[in-house]
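The values are calculated or read from the model by the stated rules, or taken from the named source; none is laboratory data. Everything numeric here is computed off the predicted structure, so don't read it as measured data. Glycine gets a Cβ as well: all are built from the backbone with ideal geometry, and neighbour counts include every protein chain shown. To get the accessible areas, we keep the full protein, side chains included, count just its heavy atoms, and leave off ligands, DNA and RNA. Shrake-Rupley method; radii C 1.70, N 1.55, O 1.52, S 1.80 Å.
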Amino acid sequence: MTDNAHIRAVDPDVANLIDQEIQRQRDVLRLIPSENYASAAVLQATGSCLTNKYSEGYVGRRYYQGQDYIDGIEGLAIQRAKELFGAEHVNVQPYSGSPANLAVYLGLLNPGDGILSMSLPHGGHLTHGWKVTISGQYFNAVQYGVDKDSKRIDMDQVAAMAREHKPKLIICGASAYPRIIDFAAFAEIAKEVGAYLLADIAHISGLVAGGAHPSPVPYADVVSTTTHKTLRGPRGGMLMCKSKHAKAIDRGVFPGLQGGPHNHTTGALAIALKEALQPEFRDYAAQTVRNCQALADGLLTHDFDLVSGGTDNHLLLVDLSNKNISGKIAAKALEKAGIVCNANSVPFDTRKPFDPSGIRIGTPALTSRGMGPDEMHQLADWINSAINLPDDETALSEIARSVKALCDQFPAPGI
Ligand SMILES: *Cc1c(COP(=O)(O)O)cnc(C)c1O
């Protein structure tokens, strides 16, 4: 249980807002696929004295004194990540997923080098070379997408673009792609054209750790991830790579991009990795996917159009074009019904990114609460009702009351 007594004594305004956020996280169905519930142990480490310590450098090679225990903590995090993912080298210092990717570019590329990555509107991530970001402005990125019919990554297009553009780096990994990614096929293409392969598993690292999605670790030069999505740790980032890239990657993170590591996050990550090494975490990963498939089945019975027809992982992309409602209006109606997701572009979307045609929904947080297929079918019915009646405030608050009653049966972990 979170005790905000100290915060309340100093700053009742912030204490009240935190309390309200706790209540929100308890009372609604959180379907944003990048979100989760970290455990109480992870939250406690995040709020610990480790935040007070500076420790620029790496284990055994620090620039300041007083590192006996920090080295122990960072060493444990690295050792557990190696064990969990089978990685040759691990860097646990990236502040989050975006700086982790930037550190890879800094470590392996020169400004102006070519990148081949997945297009943002087809499910890729901003940091993979999209023009508004530093990754798109300092490097020459070209983008592959999904096939117009199957909505699956078009590996023929990836191969053709790799041969044509000869990128120095190929990136696979996505934020809104519901299917398995074929890391071996990407590695073969990268090898053929002499490119490095970066697999960004920010969304799916918990599924990979739990054996519910194939691992890129044997195939990719570098694997980047966040630590707070399906991996269920603190907000942070992590890089794994082949030993031959260890120096370049470590230098890319520090001193290339960052100063002192966030030791409170490293401590919390070490704990989350220990949790992910337990057999129950494999059950969690498998159940997250099963729940997502149950939710897909439920939505299909209500004639929802799922991008690619369904899912292999923790998320679904729903194209609402056939429902005569935009993603933004649907997401707002759902929020009034206690169901929180985000509007999302769908591949080949004809609407603008701020109010796109789809919504993105995922099951990592609900599965952490212990929900199963029965709850997913109930949820599909509620989603259908809310999207059919987006202006009916009474109907939406009626659903929100039922949602809260369901949430009360499945207490939110950690809070
Ligand atoms: C979430 C995400 C990131 C960025 O992570 P932040 O921690 O938000 O910076 C990077 N890549 C992918 C594929 C993601 O989904």
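Overview of values
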quantity: Selection count, segment 117-143, where residues are assigned to a strand (DSSP E or B) and within 15 Å of the ligand (Cβ to nearest atom); calculated: 4
quantity: Segment 233-259 residues that are in the same structural domain as Arg61 (by TED's automatic domain parsing) and farther than 18 Å from Leu84 by Cα, paired with ones that are open to solvent by 10 Å² or more (accessible area, probe 1.4 Å) and part of a loop (DSSP other than H, G, I, E, B) (beta carbon under 7 Å, 6 or more apart); calculated: Arg235/Ser96; Arg235/His228; His245/Asp221; Phe254/Glu56; Gln258/Tyr95; Gly259/Glu56
quantity: Test: residue in segment 367-382 that is surrounded by 22 or more Cβ atoms within 10 Å (Cβ to Cβ), β-branched (Val, Ile, Thr) and in a helix (DSSP H, G or I); calculated: yes
quantity: Among the residues listed as Gln67, Gln79, Gln93, the single one being open to solvent by less than 30 Å² (accessible area, probe 1.4 Å), assigned by TED's automatic domain parsing to the domain that holds Ile271 and more than 19 Å from the chain's Cα centre (by Cα); calculated: Gln67
quantity: Unmet requirement for Lys352, which otherwise passes all of (1) modelled with pLDDT of 95 or more; (2) open to solvent by 50 Å² or more (accessible area, probe 1.4 Å); (3) closer than 30 Å to Gly145 by Cα; calculated: (1)
quantity: Options Ile383, Ile387; residue that is touching a Lys or Arg at 6+ places or on another chain (Cβ under 7 Å), within 18 Å of Leu300 (Cα to Cα) and at pLDDT 95 or above; calculated: Ile387
quantity: Residues being more than 10 Å from the ligand (Cβ to nearest atom), in contact with a strand residue (DSSP E or B) (Cβ under 8 Å, 6 or more places away or on another chain) and either assigned to a strand (DSSP E or B) or open to solvent by less than 10 Å² (accessible area, probe 1.4 Å) (or both) - total across segment 221-244; calculated: 7
quantity: Residue within segment 401-413 that is within 20 Å of the chain's Cα centre (by Cα) and surrounded by 15 or more Cβ atoms within 10 Å (Cβ to Cβ) present; calculated: yes
quantity: Test for Tyr196: is it more than 13 Å from the ligand (Cβ to nearest atom) and either free of Cβ contacts under 8 Å to residues at least 60 places away in the same chain or open to solvent by less than 10 Å² (accessible area, probe 1.4 Å) (or both); calculated: no
